[in-house]
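Accompanying notes for the structure given below.
The values are calculated or read from the model by the stated rules, or taken from the named source; none is laboratory data. Treat the numbers as computed from the prediction; the structure is a model and nothing was measured. Cβ coordinates were reconstructed from backbone atoms using ideal geometry, including for glycine residues, and neighbour counts include every protein chain displayed. Note: areas computed on protein heavy atoms with side chains; ligands, DNA, RNA excluded. Shrake-Rupley method; radii C 1.70, N 1.55, O 1.52, S 1.80 Å.
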Amino acid sequence: MRRFICFFLAAFLLLSLTACAQQTTPVPAAPSSAEEDSAAAPPEEEAPADPEPYSIYDPTVMPEGETRNGVHYVAWDGVVEHLFFHPVVAYPELAFDGDAQSDGIDDYMVTVDEYNKILRSVYEKGYVLVDIGDVWSEASGENGQPEMVKNTLYVPEGKKPLILSFDDTNYYPYMLENGFTYKLILDDDGKIASWGMDTQGREVISRDLDAIPILDKFVEEHPDFSPFGAKGSLSLTGYCGILGYRTQTEKEDQSAEHEANRQKEREAVKPIIAELKRTGWTFGSHTWGHINLSKKSLDVVKTDTAKWLDEVGSLVGPTDILYYPHGARPDGDDVQQTGPIFQYLQSQGFRVFASVGISSYSKIKTDICAVICDRLHPDGTTLRGSDKVLGWYAQFYDARDIIDLSVRPQREVRWSAK
């Protein structure tokens, strides 16, 4: 353990994350990182300067004297809220241009501007960031068998803990022509930044166009938003590599050239992973192939998990967090039963299993050492939702203040105007 989802939803539960399913849209003219000979590929990076010190604290330990930096800490045993995002739209004019991807992006993503407003709102409402890996721990039960326990967190007085997670931080090919950034890099100051192309095809390095560096900057400007140094948990598949680097194997291309480039990409992503981990980011599995765990056979799940551990886990390190693709629970239901797929995944080291819901629900399993939990999803479906849906998110923000209808497709909103 690091120290440091009623009817509305039933209609789209299994669809709620299809924006991050495998896509068949061609790779855009602008190159991906796998095209090492492209003239538009990012330049070779010089070794950055020594990084600024970054402190990470364990929220399960009360600071000595119950204070730190003049702030009084108190015990929190209530609900730990959890919001998750897909990659954010940097260029709405490319994302919402009426092509085959436009409505899906409208459903499942937020824009940079909307994301910034959400961060500002949860900060103003008194939330502070904690890492999902600090909320539950594995312990020995009364019968001597391992079990999961919910930890008491010690948070600044008057504050409430919040987990942020980010699915599909892989920078899939369809995103590259639809207004998203292309990859994460280290900028000249050694900080996490995004690299990509603007609407005119010009190279852009920025800390203002991608959810990850945006949150980094927000914490720099509001350090009290992250009193423990936590940022968010990055939920990774592997079939298109990770973090914009094409580290994946390909059935269709097993050439020596592909393997050489894959190894080069693996080496290139390692400093990015290291800096993310150093500055409070952690990682979880989203399966290698973004597979539906309620429908796939156990053999398929075993093969997929082995590939994730080999191609992703070998880079980001061990994790006990699994984020269900499509929000689909293993064996069709992990609440009422613990089926063979769930048991297998737990045997591979996963302990916290996250789906999608209408609240930050969690349940400690009593028949196996595991926790199941739900996350809320700020995106187009909920920002356009009914007054009831607005109520689910009211503790975080008012969707009517967040959604930018001036850049989104002209589709129905279901809430009542203020």
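Among the residues that make up region 330-345, is at least one of them in contact with a Phe, Trp or Tyr (Cβ under 7 Å, 6 or more places away or on another chain), outside any loop (DSSP other than H, G, I, E, B) and within 22 Å of F85 (Cβ to Cβ)?
Checking region 330-345: not a single residue is in contact with a Phe, Trp or Tyr (Cβ under 7 Å, 6 or more places away or on another chain), outside any loop (DSSP other than H, G, I, E, B) and within 22 Å of F85 (Cβ to Cβ).
Could you tell me which of the residues I185, I205 is among the aliphatic types (A, V, I, L, M) and surrounded by 22 or more Cβ atoms within 10 Å (Cβ to Cβ)?
Checking each option against the conditions leaves just I185.
Name the residue that is most open to solvent (accessible area, probe 1.4 Å), counting only residues in region 105-140 that are under 23 Å from D58 (Cα atoms) and small (G, A, S).
S140
Quick check on region 274-295: of everything there that is assigned to a loop (DSSP other than H, G, I, E, B) and over 16 Å from T319 (Cβ atoms), which residue is nearest to the chain's Cα centre (by Cα)?
H290
Given G201, G196, G133, G179, which one is closer than 18 Å to V89 by Cβ, of a type in the set (G, A, S), out of contact with any Asp or Glu (no Cβ under 6 Å at 6 or more places or on another chain) and outside any loop (DSSP other than H, G, I, E, B)?
One residue alone meets the criteria, G196.
Of all residues in region 331-348, count the ones that are more than 21 Å from L376 (Cβ to Cβ), of a type outside the set (S, T, N, Q) and open to solvent by less than 30 Å² (accessible area, probe 1.4 Å).
Here the count works out to 4.
Return the residue satisfying two criteria in turn: it lies in region 298-316 and is polar (S, T, N, Q) and open to solvent by 60 Å² or more (accessible area, probe 1.4 Å), and of such residues it is nearest to the chain's Cα centre (by Cα).
S314
Within region 81-101, identify whether any single residue is acidic (D, E), at pLDDT below 95 and at negative phi, and answer yes or no.
For region 81-101, residues acidic (D, E), at pLDDT below 95 and at negative phi: absent.
Conditions first: (1) out of contact with any strand residue (DSSP E or B) (no Cβ under 8 Å at 6 or more places or on another chain); (2) assigned to a loop (DSSP other than H, G, I, E, B); (3) of a type in the set (G, A, S). A306 passes all but one, so which condition is the exception?
All conditions are met except number (2).
If a residue must be polar (S, T, N, Q) and either in contact with a strand residue (DSSP E or B) (Cβ under 7 Å, 6 or more places away or on another chain) or outside any helix (DSSP H, G or I) (or both), how many such residues does region 91-117 contain?
2
Can you pull out every residue in region 380-418 that is open to solvent by 70 Å² or more (accessible area, probe 1.4 Å) and either closer than 14 Å to D107 by Cβ or in contact with a Gly (Cβ under 7 Å, 6 or more places away or on another chain) (or both)?
The answer is R411, E412, R414.
Every residue in region 238-260 that is of a type outside the set (K, R) and touching a Cys at 6+ places or on another chain (Cβ under 8 Å), please.
Q248
Failed condition for Y73, given (1) assigned to a loop (DSSP other than H, G, I, E, B); (2) crowded, with 16+ Cβ neighbours inside 10 Å; (3) modelled with pLDDT of 95 or more, with all others met?
Just one mismatch for Y73, condition (1).
Of all residues in region 339-374, which are among the basic types (K, R) and either over 21 Å from the mean Cα position of the chain (by Cα) or over 17 Å from T305 (Cβ atoms) (or both)?
Passing the criteria: K363, K365.
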